[in-house]
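The values are calculated or read from the model by the stated rules, or taken from the named source; none is laboratory data. Keep in mind it's a predicted model, so treat the numbers as computed, not measured. Every residue, glycine among them, receives a Cβ derived from its backbone with ideal geometry; neighbour counts consider all protein chains shown.
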Amino acid sequence: ETTTNCNLGCFMCVKQTGKCGIIEGEMTSATFRALEAALPQAEALILNGVGEPLLHPEIETFISRARQVMPKESWIGFQTNGLLIDDQRACDLLEAGLDKICVSVDAVTPEKLKKLREGAEISNLDQALNALAKAKFSVGRPEFQVGVEIVVMRSNLTELPATLRWAASRGA
């Protein structure tokens, strides 16, 4: 994983438990270079775990280096909370060679989203999905895939249909 750091406080995240044992930190360039030897045989490279990959200052560099050595039919992707995606960042990610992105959207009601993902705003998610949709065309990557992930709980189950419709209307 590229980083264990995150810019949200989601109550359902393992990092919010008292004794999760996760050490905060970032993958070094040296570690990524050591992994590059395996990439020519890789079918996929997923650059996240419990952290927010867009917090890593070299994420676009890692994507670009991986794309250069991975097979053409392979893919590179990650999951994100989307808060750091604007028009420029979306273009930078696609130009680096990112193939798939999955944005976490657990609710579209602003109050519900704030309860589930402390620090998240629906306007940020809207901006992220719109920026990604625009970048597909401005960068010339119509095959780029945008998805959403939802942690379904009793507290947001009734929002699932509206959340999926909202995401689909924004290109996910």
| request: Hey, can you tell me all the residues within the stretch 31-54 that are buried (at least 18 other Cβ atoms within 10 Å of the Cβ) and at pLDDT 95 or above? | output: F32, L39, L45, L47, P53, L54
| field | Enumeration of residues in the stretch 153-172 that are within 13 Å of D106 (Cα to Cα) and either touching a Phe, Trp or Tyr at 6+ places or on another chain (Cβ under 8 Å) or in contact (Cβ under 8 Å) with a residue 40 or more places away in the chain (or both) | value | M153, S155, N156, E159, A162, T163, W166, A167
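List the helices (runs of 4 or more DSSP H) inside the stretch 1-109, counting only whole elements, that have at least 1 residues being over 21 Å from V146 (Cα atoms).
Working: elements: 29-35, 59-69, 87-96.
Helices (runs of 4 or more DSSP H) meeting the threshold: 29-35, 59-69.
Which one is modelled with the lowest pLDDT, of the residues in the stretch 1-30 that are β-branched (V, I, T) and within 21 Å of the chain's Cα centre (by Cα)?
V14
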| query | How many residues, within the stretch 139-172, are in a helix (DSSP H, G or I), surrounded by 14 or more Cβ atoms within 10 Å (Cβ to Cβ) and either of a type in the set (S, T, N, Q) or touching a Gly at 6+ places or on another chain (Cβ under 8 Å) (or both)? | reply | 1
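Restricting attention to the stretch 127-139, does a residue exist that is in contact with a Leu (Cβ under 6 Å, 6 or more places away or on another chain) and among the polar types (S, T, N, Q)?
Our first condition is that a residue be in contact with a Leu (Cβ under 6 Å, 6 or more places away or on another chain); within the stretch 127-139, this holds for 135, 139.
Those still in the list that are among the polar types (S, T, N, Q) too: none.
The answer is no; no qualifying residue exists.
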| G119 is checked against (1) in contact with a strand residue (DSSP E or B) (Cβ under 9 Å, 6 or more places away or on another chain); (2) over 18 Å from L45 (Cα atoms); (3) surrounded by 21 or more Cβ atoms within 10 Å (Cβ to Cβ) and fails just one. What number does that condition carry? | (3)
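Could you count how many residues in the stretch 103-133 are hydrophobic (A, V, I, L, M, F, W, C) and either within 18 Å of F62 (Cα to Cα) or without any contact (Cβ under 8 Å) to a residue 24 or more places away in the chain (or both)?
From the stretch 103-133, those hydrophobic (A, V, I, L, M, F, W, C) are 103, 105, 107-108, 113, 116, 120, 122, 125, 128-129, 131-133; that's our starting set.
Keeping just the survivors that are either within 18 Å of F62 (Cα to Cα) or without any contact (Cβ under 8 Å) to a residue 24 or more places away in the chain (or both) gives 113, 122.
Here the count works out to 2.
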